[in-house]
Each structure stands twice: as structure tokens, then as C-alpha cells.
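The values are calculated or read from the model by the stated rules, or taken from the named source; none is laboratory data. From a predicted model like this one, the values you see are computed outputs, not experimental measurements. Because the Cβ atoms are built from the backbone with ideal geometry, glycine has one as well, and the counts that use them run over all protein chains shown. We work out accessible area using only protein heavy atoms, side chains counted, and drop any ligands, DNA or RNA first. Shrake-Rupley method; radii C 1.70, N 1.55, O 1.52, S 1.80 Å.
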Amino acid sequence: IRNSQDEYEEERKTNLSAVVAAQSTWERVMPEDLGLRETTYELCYNSACALIGQGKLNEAMKKLRKAEELCRQSLSEDTDATEEDTEAELAIIHGQMAYIMQLQGRTEDALQLYNQIIKLKPTDVGLLAVIANNIITINKDQNVFDSKKKVKLTNAEGVEHKLSKKQLQAIEFNKALLAMYTNQADQCRKLSASLQSQSPEHLLPVLIQAAQLCREKQHAKAIGLLQDFAEQHPANAAEIKLTMAQLKIAQGIHVTKACMILRSIEELQHKPGMVSALVTMYSHEEDIDSAIEVFTQAIQWYQQFQPESPVHLSLIREAANFKLKHGRKKEAISDLEELWKQNPKDVHTLAQLISAYSLVDPEKAKVLSKHLPSSDTMSLKVDVDALENSHGATYVRKKAGKLTGDNQQKEQGQGEVKKKKKKKKGKLPKNYDPKVTPDPERWLPMRERSYYRGRKKGKKKDQVGKGTQGSTTAGSSELDASRTASSPPTSPRPGSAAAVSAASNVIPPRHQKPAGAPATKKKQQQKKKKGGKSGW
């Protein structure tokens, strides 16, 4: 660029900015200001990529929008460029916008933009491979069929010449994970083994292999694989040991072994998160001595290397609280005394120390209580009434008026008078008419109401269908008991003597036998005899 001046100057500047962006993204190198003016959309785009590598996502998005405007403006001046050419040129800018959305957690927006780019079918196989890979990472273990379709785009011819080594490696990792999620165990092992041979020191291949073994319920084999890797590559042992501890905890029966693995990670022993995790696990196993030992080791490390760190004092306080909780009062007192020496004006620590001494040595507690400030010197601006009447107060003082005379006697004799509960108004029916007076007997059952007359029995209908198929009403009239000779021709008026005498001689219909009953039985018996023991 310094020694050449020709028509390819813009291309050289664009390529230089691309190298700077790649260093920022893949090697985490802070790019130097080369003084390149962002006069073209390519330079603006590469500047946005460099900002993404630095984690400045909002600034990068602004640069990409500027690059989009410059691209549209540049192609609008070209008379030969079509709308399809413009969209194809903008595809890579939109793909980078979708990537920023994905990093910001806006996965739905990113997925929508990715799919729009794929529908355009751009000719850049590298762009399609990156977009397909990013969609697979959004899908994860869901929508695996869509992910399997997208994998084909990453296998296109010439992809290896368009992407960087780390991009190709990331795509291969995702292929191995997808094989694991689709229960292709052999394919997963094959891909992860290939990746491990290419990058022996990389963590992901061995972690994928361990995950596949865990899916096959081979936890011991997975832990052995991780242990071997940790011994061969001590630089990456910390993350591998954390995974081993997690597998031990997941089994539920090896919590103590998990603690031993965690304590073997020397560079993390003093970290507050590690101390908290170990103390919690040891407390769950009721191993209080080991938990206190974890506190002691961490405190000693800070005393040696970072004595003025605020973490040091917070660990001492947490250790004291833990010891008080589990009955180790004397050990807690020594920690609190150390804290008080560090800051004699800390009233909170002094109060804790006095409280602890009151359980062991009350006289010492009285002596220390003299160091507490008097209530007059303490400027506690607390409104007691407002505090008691606040929403979160567990007890609210009632403001009762003065009781005199008869009222006071009633209060003493009757005690507290219960408040009457307000009755809720009942709901009216939908067909309620205020002009019509409601039925006074509406609360009584129907049978108990004065106007109930019983259920009306329906008229007897011709018994169609009771006989053989195709029979007419003539057959039903023959079966009518009222037409037989045993029943009277007419029904007399109820209550008369004739009705009483007739009723005594009449056989009820249910007790009557049909006229042709014996004959039919004989015919049926004869038919049975004829057809019995036939040679069918």
C-alpha cells in the first residue's frame, strides 16, 4: 500500500482490513488503527467484524447498517446491477447482523434472518456453510431433522477454501454433537476421534466422547477417559477435573470423591465459588471438619498472597458464621477477633463477637460490650410508627381510643367483639324480571310444593315392534288385556259398589296367561325332537 499507487488500491486496503478483522475475531488481538477510511461498504463491513471480535456488538451493528446503506448506494449507481444482485451482495452483511442478534440472545430474530438468506440461494458456499452451522447451534438438541438438512450445506464442494481453520473445526464439532443427539453413536465416536487426532490438546473432542459414553450409561469409562486426558495435558486439567466432579455428583453416591477431585485443582482452591461449592457438598455429607478445613486453606492463601483483598475478610466472616451454626463457638470467636482487629470500628463484627462470647464466657462478653457505642451517639433515624405500620411488618400495633365508663365495663365483661362479616350480594339469574314476584315456594323440592300434581303418564301407544317383523296393529290389539273376555266391557265409575265387586273378580293383566301359550310350547318341543341329533 505504501509503495504502490494504481487502480487496485481499494482492494489492497480491503484485504488489509479483512486481516485485521480476522486477528481480532480469531486470535483476540487488539487491532491497531491503520487510518483506513471507511469509504466503501467492504471496509465498513470489515471494521464491523473487528468490533465483533472486541465484543462491541452494538457499535458493530451500527457499522453493518452503514455498510448496508453504502452497498445499496454503490449498486444503485451500477446500471447493470439487478435487484437480485443487490440482495446477493447484501446477504453477507445480513448474515453478520443475524450473528450479532444470536450473540445478544435474540435467537428468533437471528433464525428468521438466517432462513431468509438461505431462501435467496446465494452462490457463496462459505456464507451458506456458516449460516447453516449457526442454525444448528440454535436448534441444539431440538429440531434435529432440520439440523440434518442444514449439515448438507456445510459439506458443499469448495467450503474448505472459503473458511478459516477455526470455522471448519467448529463445524466439525457441531457435526459430532448432532450425531450424538440423533443417537448415531458410531458416527459420533468417529468424528470426535478424528478431531482429537487433528488437535490432541483440544478439550471438546474428549468432552464429546465422554458425553456419548454417559448417554450409554458408561460413567466409569467416561471418567477414566477424562482422567487420562488430564494426566496427558495438565494445562487443560482444570476444566477436565470440573467435568469429572460433575459426573461424580450426577451419580449421587460419589460426592466425597467429587470433593477430592475439586480440591486437587490448585489454581481454583481459593476462589469463593469453589469454597462455597465444597462447603455445601461437605455439609450435605455432614463432614463439618473437612468444610472448616476448606475455609482455613482459602484464608491462608489470601493471607499469604492477597491480605488486603476484600475477599479475604468476607471468607473469614463466612467461616465464623459457619462455625457458629455448627456449634464450633471457640473457633468462630478466634475468626471474629481477627476481623475486629482488622477493623475495630466495625460495630457489626463486635456485636457478633459479644453474642458468641455470651454463649461461652459471659464475663468476657460484658467487658467487650463496653466498647459498643451508646444509643445517644448512634444516629439511627428510624420512624418506629412507620416501621410498625409498614406492609412487611409481622405485627401491627392497633390504634385504640380511650375507653371510659360503660364502654370500659363492656370491654372487660364481654371481651373482644367480633367484627360482622359483610355478606356478599348473590348473583341474580339471567332471566330475572324485577316486575314479576318470585315464587315463594321456589326453595322447596318440586314434590313438596302445593301446586305439584304428579307426573303425567303418556298415552299408551300401539306396541309396534314388540311382535314379529312386519306385524301390523291387528296383532297388538289381540295382545291388549283390556279386550280379553276376563276384563269387564266398560270401566264403572270409581267408588261405586259395582266397581268394588268387579275389581275383586278381575285377574290383574300381569297374572294373566296368553291364550295360545301351551300350544306354542308343544309345537316348539316337537320341532326340537325332529331336529335333534341331526347329521349336519
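Taking a 1.4 Å probe, which of Ser74, Ser17 shows the most accessible area, and what order do the others take after it?
Most to least solvent-accessible, the answer reads Ser74, Ser17.
What accessible area, in Å² to the nearest ten, does a 1.4 Å probe give for Asp124?
Rounded to the nearest 10, that gives 50 Å².
Between Ser283 and Asp433, what length in nm is gained on full extension when 0.36 nm per residue of separation is reduced by their alpha carbon distance?
So the extension gain works out to 46.9 nm.
Distance from a point 7 Å along Cα→Cβ of Asp141 to each backbone N in the range 226-250: keep the residues under 13 Å and list them by number.
none
Counting only protein heavy atoms, what percent of the accessible surface of the range 113-180 is carbon or sulfur at a 1.4 Å probe? Before the final figure, lay out each step's value.
On the way: 2030 of 3750 Å².
Answer for the range 113-180: carbon and sulfur cover 54 percent of the accessible area.
Packing-wise, with mean Cβ within 10 Å as the measure, how do 62-69, 341-348 rank, highest first?
Packing proxy ranking, top to bottom: 62-69, 341-348.
Just the number please: accessible area per residue for the range 102-153, 1.4 Å probe, all protein chains included, in Å².
Per residue, the range 102-153 has an accessible area of 59 Å².
In sequence order, what are the phi-derived ³J(HN,Hα) couplings for the range 240-256 according to the Karplus relation 6.51 cos²θ - 1.76 cosθ + 1.60 with θ = phi - 60°, rounded to whole Hz, with x for glycine and proline?
5, 5, 4, 5, 4, 5, 4, 5, 5, 5, 4, 6, x, 10, 10, 5, 5
Provide the FRET efficiency to the nearest 0.05 for the Gln246-Ile1 pair, computing r from the beta carbons and using R0 = 41 Å.
About 0.20, to the nearest 0.05.
Given a 1.4 Å probe and every protein chain left where it sits, what share in percent of the accessible area of the range 1-112 is carbon and sulfur?
Accessible surface attributable to carbon and sulfur in the range 1-112 totals 44 percent.
Within the accessible area of the range 237-327, what % is carbon and sulfur when the probe is 1.4 Å and the other protein chains stay in place?
With neighbouring chains kept in place, the figure for the range 237-327 is 53 percent.
Per residue, how many Å² of accessible area does the range 175-245 show with a 1.4 Å probe? Before the final figure, lay out the partial values.
Values: 3630 Å² over 71 residues.
It amounts to 51 Å² per residue over the range 175-245.
Hey, how much of the P(r) for the range 60-138 falls beyond 21 Å, as a percent of Cα pairs? Don't skip to the end; give the middle numbers.
Working: 882 of 3081 pairs.
Distances greater than 21 Å cover 29 percent of the Cα pairs.
Using a 1.4 angstrom probe and counting only protein chains, how large is the accessible area of His312 in Å², to 10?
10
Would you check the accessible area of Val206, probe 1.4 Å, heavy atoms only, in square angstrom rounded to 10?
Answer for Val206: close to 0 Å² accessible.
By the gyration tensor of its Cα atoms, with a ≥ b ≥ c the square roots of the eigenvalues, what is the shape of the range 203-285: rounded for a/c under 1.5, prolate for a/b over b/c, or oblate?
Because a/c hits 1.5 or more and a/b fails to exceed b/c, the range 203-285 counts as oblate.
Relative to 2.2 N^0.38 Å, what does the C-alpha radius of gyration of the range 71-220 come to as a ratio? Two decimals please. Kindly include the intermediate steps, with their values, before the conclusion.
Numbers: Rg = 17.9 Å, N = 150, 2.2 N^0.38 = 14.8 Å.
Its radius of gyration relative to the 2.2 N^0.38 Å reference: 1.21.
With the Cα gyration tensor of the range 254-300 giving a ≥ b ≥ c as the square roots of its eigenvalues, does the rule (a/c under 1.5 for rounded; else a/b larger than b/c for prolate; else oblate) give rounded, prolate or oblate?
Oblate is the answer for the range 254-300, as a/c is 1.5 or above yet b/c matches or exceeds a/b.
Quick one: what are the phi-derived ³J(HN,Hα) couplings along the range 46-52, Karplus 6.51/-1.76/1.60 with θ = phi - 60°, whole Hz, x for glycine and proline?
Couplings: 5, 5, 5, 4, 5, 5, 4 Hz.
Each residue of the range 275-289 in turn: what ³J(HN,Hα) in whole Hz from Karplus with 6.51, -1.76, 1.60 and θ = phi - 60°, glycine and Pro shown as x?
Computed from phi, the couplings for the range 275-289 are 4, 4, 5, 5, 4, 5, 5, 5, 5, 4, 8, 6, 9, 5, 4 Hz.
For the range 136-229, what does the alpha-carbon gyration tensor say about shape, rounded, prolate or oblate, given a ≥ b ≥ c as the root eigenvalues, a/c under 1.5 as rounded, and a/b over b/c as prolate?
On the way: a/c = 2.59, a/b = 1.37, b/c = 1.89.
Oblate.
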